[in-house]
Each structure stands twice: as C-alpha cells, then as structure tokens.
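Following: one structure in structure tokens, then a few remarks.
Laboratory data are not the source of any read-out in this text; all were calculated from the coordinates shown. As the structure is a computational prediction, the values presented were derived from the model and not from experiment. Because the Cβ atoms are built from the backbone with ideal geometry, glycine has one as well, and the counts that use them run over all protein chains shown.
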Amino acid sequence: MTPPQENNKLEKNEFYKCPLPHVHPRHEQAFFKNFDSHFSTFSDREDHFAVIQLHEELNWKLRCSESEKKTLSQEDLQKISQKTWIEAVKKNTGKPVTIVIRK
C-alpha cells in the first residue's frame, strides 16, 4: 500500500482504500476509484457524511484561495478536489488514504 500522490491517476489495477470501516466481507466496499462516487454512495453513514462535509469546507477554502491567484481551469478544480478529499479523509480519520493493487 502506498499513499496517493497528488495529480497522479490510478492505474487499471490500483484502487484507493477507504480507512473507514466497511461491513462487506473482505471489505470489498472499501476499495474505490472515485472519491465523489464512494462517499456519496455511503453518505447515509455518519462517518462518511462527516468526511463529505469536511471535504466541502476544505475544497471551498482552497478554491477561493487559488482563484484569487489565477483563473482556475477544470483540471485545476479536479486537482484541488482530489487534494482536499485526501486531506479531509486524513483529518477526519487520522489515517491516510492508501492505494492498493488488486488483481
């Protein structure tokens, strides 16, 4: 398992591993490729919803800060979102998001 690098795309067999508990056997639900999709799927759970709220707060602050420096492109917005998802998960859980290789 490795920590995610900013702006790096996942390879075909790489997945993020959510550090929050998941009940499905072998934690299949904990592996995902897209933060928005994963956290919206489990938004009815308090732990995941708290991460969503923190992400929105961090994302807004960083977007405002960066937009004062330059006009943001769609790619810039995606990078900011990715960065703030990783930060929100770490701040909320105390554990980093990791990348795992699954066959």
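Please report, in debye to the nearest 20, how large the charge dipole of the range 14-101 is about its Cα centre when each Lys and Arg carries +1 at its beta carbon and each Asp and Glu carries -1 there. The partial results should precede the final answer.
Numbers: 13 positive and 13 negative charges, 58 e Å.
That gives a dipole near 280 debye.
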Practice prompt. Using only the Cα atoms of the range 14-101, build the gyration tensor, take square roots of its eigenvalues as a ≥ b ≥ c, and label the shape rounded, prolate or oblate: rounded if a/c is under 1.5, else prolate if a/b is larger than b/c, else oblate.
Written response: prolate
Worksheet item: Simple spin-label model, 7 Å along Cα-to-Cβ: Q53 to S67 in nm?
Response: 2.3 nm
Item to complete: Place +1 on the Cβ of every Lys and Arg and -1 on the Cβ of every Asp and Glu in the chain, take the dipole about the Cα centre, and give the residue among Q82, L72, P19 whose Cα lies farthest towards its positive end.
Response: P19
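What does the charge count near S43 come to, summing +1 for each Lys or Arg and -1 for each Asp or Glu among other residues with Cβ under 14 Å from its Cβ? Could the numbers behind the result be given before it?
Details: positive: R45; negative: D36, D44, E46, D47, E56.
Counting the neighbours of S43, the net charge comes to -4.
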Fill in: Estimated 222 nm signal from helices in the chain, with DSSP H stretches of n ≥ 4 weighted -39500 (n - 2.57), rounded to 500
-16500 deg cm²/dmol
Fill in: Charge tally in the Cβ shell below 15 Å around K33, where Lys, Arg are +1 and Asp, Glu are -1, K33 excluded
0
Fill in: Separation between Cα centres of the range 19-72 and the range 89-103, rounded to whole Å
12 Å
Worksheet item: How far is helix 74-93 tilted off the main Cα axis of the chain, in degrees rounded to 10, range 0 to 90?
Response: 50 degrees
Worksheet item: Whose amide H sits under 5 Å from the amide H of T98, counting only residues 5 or more places off or on another chain, with H placed in the peptide plane?
Response: K17
Worksheet item: Hey, which lysines would be in cross-link range of K95, C-alpha to C-alpha under 27 Å, not counting anything within fewer than 8 residues on its own chain?
Response: K9, K12, K17, K33, K61, K79, K83, K103
Worksheet item: With axes computed from alpha carbons, what is the tilt in degrees of helix 46-69 against the longest principal axis of the chain, rounded to the nearest 10 within 0 to 90?
Response: 30 degrees
